[in-house]
Amino acid sequence: MGGVVCATLAGALSGFLVTGFNIAPFIATLAMMTIARGVALIVSKGQPVFIDDPALIDFGTGYFLGLPLPVYVLAGFALIAHFIYKHTVFGRLVVSIGSNETATRFAGIRVNYYKLSVYAISGLACGLAGILAASRTGVGSPVLAIGFELDVIAAVVVGGASLAGGKGTVVNTIIGVLILSMISNLMNLMNISGYNQQVIKGAIIIAAVMLESFKSRAKV
């Protein structure tokens, strides 16, 4: 629980840097990631922390009705996010801010409040993902998720989300995650090295963004 709280606070702090000091989101989140990773290295003294709590390990490696428990966590989180996105004022305003922040602000909406909330929710999700990763591997390590940020960007872009904001759905993002996971598994089965996989993932991001750009131009 402490890890989730810390991750949520880190996300909220990133949001505060963006909304309170007008720091570019990419810079704010990159800086926060670097700080968080450095703090984790300091606390752990650069050594992996082995987990000896059976309940926590079972949380990541256990099964229910033939499916791993993390699958249910993913499904639950996706359903909640989809409901918020489709059926709540908060979700509609978040999409509106992504589409046209200036117009939303002129409409009297507290844009900064909603943006900070989104960053905090993102931090919460990252904290939960970190606990799942640690429980599945049986070890807590500050270097465990290095490079995952590229996978996240690739999955979201492949799912059709616009990096400019205002476009994308939870369902399409899940589809993007599944597609990228299948591609990664295929590359592992084909014995493609990790270095080459990074090149391929980067090319996938470029191709997806170019395809989205072509679609936008065609509509115009």
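P(r) tail for the chain: Cα pairs beyond 25 Å make up 48% of the total. If you take all other residues with their beta carbon under 14 Å from the beta carbon of G140, and give Lys and Arg +1 and Asp and Glu -1, the sum is +1. Segment 94-172 and segment 75-93 have Cα centres separated by 13 Å. Among complete DSSP H helices in the chain, those whose alpha-carbon atoms stretch at least 20 Å along the helix's long axis and whose mean Kyte-Doolittle hydropathy reaches 0.0 are 2-21, 25-44, 69-87, 111-137, 170-189, 194-219. Any idea what log10 I(q)/I(0) is at q = 0.13, 0.20 Å⁻¹ for segment 147-220, Debye with uniform C-alpha scatterers and no solvent? For segment 147-220 at q = 0.13, 0.20 Å⁻¹, log10 I(q)/I(0) is -0.39, -0.84.
Annotation for F50 and L144: the two label points, set 7 Å from Cα along the Cα-Cβ direction, are 1.5 nm apart. Shown for E101, E149: other C-beta atoms within 10 Å of each C-beta, ranked fewest to most, produce the order E149, E101. Straight-distance candidates among the aspartates and glutamates for linking to K167, with alpha-carbon spacing under 16 Å and chain neighbours fewer than 8 residues away dropped: E101, E212.
Since every read-out is calculated from the coordinates, none of them should be taken as a lab result. Since this is a predicted model, take the numbers as computed values, not measurements. Reconstructed Cβ throughout: ideal geometry from the backbone, glycine too, with neighbour counts over all protein chains shown.
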